[in-house]
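The values are calculated or read from the model by the stated rules, or taken from the named source; none is laboratory data. Just so you know, these numbers come straight off a predicted model, no measurement behind them. With ideal geometry, Cβ positions are generated from the backbone for all residues, glycine too; neighbour counts draw on all protein chains shown.
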Amino acid sequence: MSSAYRFSVSIMPRDGILDPAGRAVEAALPELHADNVHAVRVGRRVELTVESDSAAGARATVDSLAADFLANPLIESWAIEEMAG
Amino acid sequence: MKVAVVVFPGSNCDRDAVHGVQLAGAEAELVWHERTDLGGADAVILPGGFAHGDYLRSGAIARFSPVMGAVREHAERGGLTLGICNGFQVLTEARLLPGVLRRNTTLRFEHRWVRLGVERHDTAFTHAVPAGMTLRMPIAHGEGAYWLPEPDLDALEAKGQVVFRYVAPEGNPNGSERAIAGVMNERGNVCGLMPHPERASESMLGSDDGLLLLRSLVESMARVEVAA
């Protein structure tokens, strides 16, 4: 009997990799008088539902999708979380 | 002899590429990305544009278009494969070329003329370029900063896989590592570059330097033996 499992995948530029988008956001902060904010990094988040017989099976599917497609392992790292409901 | 020019949803330099190939003296056929064959073409060009909207990452979704199976088979048989701009991004995502094209470090979409040094004149893609000549060609991309980890860059250079580099006076426009503008695979039959040869294929466009690359490709097709 298959169930639906919902996951989020948060994808970020790897540490040490220049993040131009984060730098652009950070450059705007003085205009907002947010001078105490720094080390901004911009990534993206993907949410998806997997139909599977087991939580482990669903997780394996997401693991493989993240590594092969959702992220580019050369420059990005990712974190997978199972979401409630 | 015929060149297949792949059309992804969002490709926008496909017709320019066809025109450039025709100027270089070969036939060209547009091949929609849902096809699973290249129509018997002798070479394939993945053109510029924004395939599948460039969502996720440039080229990431195009890599899974049905036609990419045929492109991969063609490349693995030794068939000549050229990726221009977005096509270069697709080839790196498909792991047919090493490296990744990251967002420009300038934080801008860079749209201007650049000057290219040709590192190798003995390739299927560059043999018509006279020694010592630099090429004037336009770029138009937001994600063209070539990147590989340092040791991999050293290996790439040692194997002679760096084909094009941005040179003075305009220099490196996008923050590419070691000013790399184009690379090829080890076998030398798959090449990608960010600048647009097809947009510099006749003098009325401001330069016809790019035609030298398309002519190289067309002349090489006749010589390359592709295993059946």
Checked against (1) within 14 Å of chain A (Cβ to nearest Cβ); (2) closer than 25 Å to B:MET221 by Cα; (3) buried (at least 22 other Cβ atoms within 10 Å of the Cβ), B:GLY20 satisfies every condition except (1)
If you take the residues of the range A:3-18 that are at pLDDT below 90 and not β-branched (Val, Ile, Thr), which of them is surrounded by the most Cβ atoms within 10 Å (Cβ to Cβ)? A:LEU18
Could you look through the range A:66-79, keep only residues that are part of a helix (DSSP H, G or I) and without any contact (Cβ under 8 Å) to a residue 40 or more places away in the chain, and pick out the one that is farthest from the other protein chains (Cβ to nearest Cβ)? A:ALA67
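Out of all the residues in the range B:23-47, which are of a type in the set (Val, Ile, Thr) and either crowded, with 19+ Cβ neighbours inside 10 Å or over 16 Å from B:HIS74 (Cα atoms) (or both)? Quick ask: steps written out before the conclusion?
First pass over the range B:23-47, keeping only residues of a type in the set (Val, Ile, Thr): B:31, B:36, B:44-45.
B:VAL31, B:VAL44, B:ILE45 - these are the residues of the range B:23-47 that are of a type in the set (Val, Ile, Thr) and either crowded, with 19+ Cβ neighbours inside 10 Å or over 16 Å from B:HIS74 (Cα atoms) (or both).
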Given the criteria of a type outside the set (Asp, Glu), away from chain B (no Cβ under 11 Å), in contact (Cβ under 8 Å) with a residue 12 or more places away in the chain and in contact with a Leu (Cβ under 8 Å, 6 or more places away or on another chain), does A:VAL40 qualify? yes
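Quick check: is even one residue across the range B:163-172 at negative phi, out of contact with any Leu (no Cβ under 9 Å at 6 or more places or on another chain), of a type in the set (S, T, N, Q) and not in a strand (DSSP E or B)?
Residues of the range B:163-172 that are at negative phi, as a first pass: B:163-170, B:172.
From the residues that got through so far, the ones that are out of contact with any Leu (no Cβ under 9 Å at 6 or more places or on another chain) too are B:168-170, B:172.
From what's left, of a type in the set (S, T, N, Q): B:172.
Checking which are not in a strand (DSSP E or B) leaves us with B:172.
Yes: one or more hits.
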How many residues are closer than 22 Å to B:PRO197 by Cβ, in a helix (DSSP H, G or I) and of a type in the set (Gly, Ala, Ser) when one looks only at the range B:35-77? 3
